[in-house]
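Have a look at the structure below before the remarks.
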Amino acid sequence: KFYSIGKSFLDRNIICCNIGSYSGQQILVHGAIHAREYITTLLINRQIEFLLEREKHGNLDLQVGGIYLIPMVNPDGVDIVFNGTENINCNYLKNRVNVIINKTDKSLFKANANLVDLNVNFDADWGKGKKNIKTPSSENFIGNKCESEKETQALVNFVKKIKPSATISYHSKGEVIYY
């Protein structure tokens, strides 16, 4: 039920939980693609607990086939929001990230550890957004090329593999969750 769909920039696992069948229509739910959106991880973890409890007692009637839940697409970025750069082992990278987070409010940090905003790194009008930027930053940096980041690649490869009928992508700012 729980497994990794890939690794982050700093080689952390991106964990997924499957509930229900692996066949039939599939739904994908994911959160914390932006570092500051860690509250969506808590929401998805609660959803996992709820669904697993229903499944355990035979009260889970999925009209589809299965649900894949990825609580945290950006584990490195979330760690930076909570711990700064203390868990980054490479001094060059640590200094690079520190320069960026010292210029802004760390609680607003959206990027991964490579300073790419994963949400704008996908092949969906890549680089054409009004707020997109082309230099490393705490937000809106599109990356050096489309789907350049390990986290983006992991999610894209996973979507191609499971071919979901629907996706729910949670986003948040403060205590407000968007989907």
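The values are calculated or read from the model by the stated rules, or taken from the named source; none is laboratory data. Model, not experiment: these values are computed from the prediction. Methodologically, a virtual Cβ is constructed for each residue, glycine included, from the backbone with ideal geometry; neighbour enumeration extends over all protein chains shown. Protein only, heavy atoms only, side chains kept; ligands, DNA and RNA dropped before computing areas. Shrake-Rupley method; radii C 1.70, N 1.55, O 1.52, S 1.80 Å.
Here are the numbers for the structure shown:
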read-out	value
Qualifying residue in the stretch 51-59 (condition: touching a residue at least 40 places away in the same chain (Cβ under 8 Å), open to solvent by less than 80 Å² (accessible area, probe 1.4 Å) and outside any helix (DSSP H, G or I))	no
Leu43 of a type in the set (A, V, I, L, M) and without any contact (Cβ under 8 Å) to a residue 60 or more places away in the chain	no
Enumeration of residues in the stretch 63-74 that are assigned to a loop (DSSP other than H, G, I, E, B), in contact with a helix residue (DSSP H, G or I) (Cβ under 9 Å, 6 or more places away or on another chain) and without any contact (Cβ under 8 Å) to a residue 60 or more places away in the chain	Pro71, Met72
Yes/no for Ile19 being open to solvent by less than 70 Å² (accessible area, probe 1.4 Å) and either at pLDDT 95 or above or out of contact with any Phe, Trp or Tyr (no Cβ under 9 Å at 6 or more places or on another chain) (or both)	no
Residue satisfying condition, being modelled with pLDDT of 90 or more, among the aliphatic types (A, V, I, L, M) and farther than 23 Å from Ile5 by Cβ, within set Leu93, Leu69	Leu93
Residue in the stretch 99-118 that is modelled with the highest pLDDT, counting only those that are assigned to a helix (DSSP H, G or I) and in contact with a Ser or Thr (Cβ under 9 Å, 6 or more places away or on another chain)	Leu118
Residues satisfying the stated conditions in the stretch 99-110, i.e. in contact with a helix residue (DSSP H, G or I) (Cβ under 8 Å, 6 or more places away or on another chain) and open to solvent by 30 Å² or more (accessible area, probe 1.4 Å)	Lys106, Ser107, Leu108
Residue count, the stretch 75-98 (criterion: on the phi < 0 side of the Ramachandran plot and either in a loop (DSSP other than H, G, I, E, B) or open to solvent by 80 Å² or more (accessible area, probe 1.4 Å) (or both))	10
Test: residue in the stretch 26-41 that is of a type in the set (Lys, Arg) and either open to solvent by less than 70 Å² (accessible area, probe 1.4 Å) or assigned to a strand (DSSP E or B) (or both)	yes
Ser8, sole failed condition from (1) surrounded by 14 or more Cβ atoms within 10 Å (Cβ to Cβ); (2) among the polar types (S, T, N, Q); (3) at pLDDT below 95	(3)
